[in-house]
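Student: I have a structure here, written as structure tokens, and I will follow up with some questions on it.
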Amino acid sequence: MDDVARSAYDHHLLFGSGPYFVVENIELAVCLHRGEPSKLDHTSAYGQWGEVMVEFCQQNNPGPSVFYDHCPIGNGAIHHVAIMVEDLQLAISGYEQAGYETALYAELTSGQAYAMIDCTRALGHFVELYEPTEELTDFYSLVRSASQDWDGNEV
């Protein structure tokens, strides 16, 4: 969690994943950590590993967050899996009714909303939920297509 570029490179060496796209200082227009307004500055590296998109996350600012809740500084673990849902608010409500807390609700400056549900007691990781907007599915397609016929150079 401390260095997404290093984590992506290590994953590539171990499993052949990549190439990775690093997005630094992801801007959030809205950020609620466990229901309370919060600040979150993070960087993510996105790459493809077979049929699975892999994301490494790094928090760039101090303070409580969904990242520090699960992976203290210097400790890595599978943080979350992502699921596209038809209706974000309905999905959040379903998890909450089942007893799982919304650890993060955020909106990017583009308006894309997402949530991370704390499923650590049952699954050992968070579940990220978002609706499949054109911008998001285009990004997934970009990462996937970059991995096809990729020669393994320039991780």
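Student: Yes or no: the stretch 83-95 includes at least one residue that is surrounded by fewer than 19 Cβ atoms within 10 Å (Cβ to Cβ) and touching a residue at least 60 places away in the same chain (Cβ under 8 Å).
Tutor: There is no residue in the stretch 83-95 that is surrounded by fewer than 19 Cβ atoms within 10 Å (Cβ to Cβ) and touching a residue at least 60 places away in the same chain (Cβ under 8 Å).
Student: What number of residues within the stretch 1-21 are of a type outside the set (S, T, Y), within 12 Å of G152 (Cβ to Cβ) and crowded, with 16+ Cβ neighbours inside 10 Å?
Tutor: Of the residues in that region, 3 qualify.
Student: Every residue in the stretch 97-155 that is out of contact with any Pro (no Cβ under 9 Å at 6 or more places or on another chain), of a type in the set (S, T, N, Q) and not in a strand (DSSP E or B), please.
Tutor: Selection gives Q97, T109, S110, Q112, T120, T133, T137, S141, S145, Q148.
Yes/no matrix, rows are residues, columns are (1) hydroxyl-bearing (S, T, Y); (2) over 26 Å from S141 (Cβ atoms):
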site	(1), (2)
H42	no, no
A45	no, no
Q48	no, no
Q59	no, yes
V85	no, no
S93	yes, yes
Y100	yes, yes
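Student: Mind telling me which of the residues L90, L40, L104, L123 ends up being out of contact with any Lys or Arg (no Cβ under 9 Å at 6 or more places or on another chain), under 21 Å from V23 (Cα atoms) and of a type in the set (A, V, I, L, M)?
Tutor: From the options L90, L40, L104, L123, the qualifying one is L40.
Laboratory data are not the source of any read-out in this text; all were calculated from the coordinates shown. Treat the numbers as computed from the prediction; the structure is a model and nothing was measured. Note that each Cβ is placed from the backbone with ideal geometry, even for glycine, and that neighbours are counted across all protein chains shown.
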